[in-house]
Amino acid sequence: TINNQQSNMKDLISKYLFSPSSNINYNFIASTYAFFSALSILLYFLETQVFISAEYQEERGNSMLKELAESTKGLYMIFIPFLPALLWSLIVRQIWKGGQSQQQQVDQKKKDD
């Protein structure tokens, strides 16, 4: 019975977690999450690759880049939650688009009859 309860719990979670709402545009949701995920990746890249040369620039007398590097350190962490949210939104968007195409087929059959 424990396995049966766990199975029922998994079904309920997947039903409510991945069931799209009819009045939400998941194209917009996915594109917004994609933008902020890309921003997170860009900020991480800047911190680990570009701003690492800030110490070298400071030795040459250019402290502006070092100040910029210090002020943006860890900024990518703010946007990291958008990465799993993007994956979720893509799954729900796929389900949502499947439901839309089925609804269009039903509407087309009604129109033909």
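The values are calculated or read from the model by the stated rules, or taken from the named source; none is laboratory data. Please read these numbers as outputs of a predicted model, since none were measured by experiment. We place every Cβ from the backbone using ideal geometry, glycine too, and count neighbours over all the protein chains shown. We work out accessible area using only protein heavy atoms, side chains counted, and drop any ligands, DNA or RNA first. Shrake-Rupley method; radii C 1.70, N 1.55, O 1.52, S 1.80 Å.
Considering only the stretch 1-18, I want to know if a residue exists there that is in contact with a Ser or Thr (Cβ under 8 Å, 6 or more places away or on another chain) and either at pLDDT 95 or above or open to solvent by less than 60 Å² (accessible area, probe 1.4 Å) (or both). No, the stretch 1-18 has no match at all. Of all residues in the stretch 20-50, those that are small (Gly, Ala, Ser) and open to solvent by 60 Å² or more (accessible area, probe 1.4 Å) total 2. Looking across Ser19, Ser31, one residue alone is closer than 22 Å to Gly99 by Cα and touching a residue at least 60 places away in the same chain (Cβ under 8 Å). It is Ser19.
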